[in-house]
Amino acid sequence: MTDSPLQIDGAALNGRKLSPTAATELLPPAPDVVSPAVPASVAADASHSAVSLLEGHSISAWFGTHKVLDRVSLAMQPGQVTALIGPSGCGKSTFLRILNRMHEMVPAASMAGEVLLDGVDVYDREQKLQDTRRDIGMVFQKPNPFPAMSIYDNVVAGLKLTGRRASRDEKDEIVERSLTSAGLWKEVRTRLREPGGGLSGGQQQRLCIARSLAVRPKVLLMDEPCSALDPTSTRVIEETIAELRGGLTIVIVTHNMQQAQRVSQQCAFFLAEQGTPGVIVEHGDTEAMFTQPQDRRTSDYVNGRFG
Ligand SMILES: Nc1ncnc2c1ncn2[C@@H]1O[C@H](COP(=O)(O)OP(=O)(O)OP(=O)(O)O)[C@@H](O)[C@H]1O
Ligand SMILES: [Mg+2]
């Protein structure tokens, strides 16, 4: 993948409005790491992964003429887990995809606003798309390892996509580190050459997390990562998130209010009322959001009265 799918002209860029693009339907099936480009030598360097602040400023989004987000701003704090909650269709996934420039891959999609990673606008024309995708990894709802590829090769797939040649020792180190961080190492250490598709759903999701971690992202975006998993696998993923927190900034979309309370420190409640674009009704400390919500709509939602 290259920068080319995003066609930005100067005038449009000044207005922060990005033109629609049409590249992605042709892309290979959905790896959860998109064009990571970090050299293994850098990936092996712990100092590379400083804990980062991610900010969305006045984000609006459209599909064609349909506006689905209206001037949404949110700061996702370094080393914390921010949960995005809200009814179906209110724009949570769209917001998440805007954070790592995946929205622009949807035909006829456009956006306005700024996304700042440690103060640098990821939509700045000086920014390379592959750098953003390396720094801001993503894990999807449905685990999507390369099924025929070995567990080992799944983890290093992100590095390979960049064309970078890492030594066997470097790869071994990256595979063990990433699988350990993802909470999967002990379960697969003796079967690294077996296909990723042979793992359980929960293990596959942790393999996808390991694949994302292999390039040492600064931020990990997770879009309902447990919704296809059984309760035991969900618990293990939640434990993994808790382990990762601190070293990584995490943003998770979830429909599970208990999960939002268990895993996140910050929470944002999205809502799109009566066909209007999605907005953030309320955000802040998760415990406060659940125990003393400021807005009646937040109270109704977190208490299961709608959505
Ligand atoms: N590729 C697309 N083309 C056109 N409209 C889209 C597309 N993806 C999403 N939308 C629309 O954008 C709005 C926001 O969708 P989005 O998927 O971001 O919501 P969500 O909050 O993630 O919902 P859910 O909880 O069901 O996943 C919805 O009205 C949806 O129909
Ligand atoms: Mg969604």
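The numbers here are math on the coordinates, done by the rules we state, and not lab data. The model shown is predicted, which means the values in this text are computed figures rather than measured ones. Positions of Cβ are generated from backbone atoms using ideal geometry, with glycine treated the same way; all protein chains shown enter the neighbour counts.
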* **Rg to Rh, two decimals, where segment 242-307 supplies the alpha carbon set and Rh follows Kirkwood** => 0.98
* What is the pair-distance distribution P(r) of segment 78-152, computed from all Cα-Cα distances in 10 Å bins starting at 0, with each bin given as a whole percent? -> 15, 43, 32, 11, 0
* Asked: Tell me, what HN-Hα J-couplings in whole Hz come from the Karplus equation 6.51 cos²θ - 1.76 cosθ + 1.60 at θ = phi - 60° for each residue of segment 202-212, using x for Gly and Pro?
  -> x, 5, 4, 5, 5, 5, 5, 5, 4, 4, 5
* Largest-first principal axis extents of the Cα set of segment 167-216 (Å) -> 29, 20, 16
* Asked: For segment 57-102, which semi-axes, largest first and in whole Å, follow from the square roots of 5 times the eigenvalues of its Cα gyration tensor?
  -> 20, 12, 10
* **Pairwise label distance in nanometres, ARG168 with ARG193, each label 7 Å out on the Cα-Cβ vector** => 1.2
* Structure fact -> As a Kirkwood estimate from alpha-carbon pairs, segment 159-283 has a hydrodynamic radius in angstrom of 16.2
* Asked: Where the convex hull is taken over the Cα atoms of segment 137-211, what is its projected area averaged over directions, in nm²?
  -> 4.6
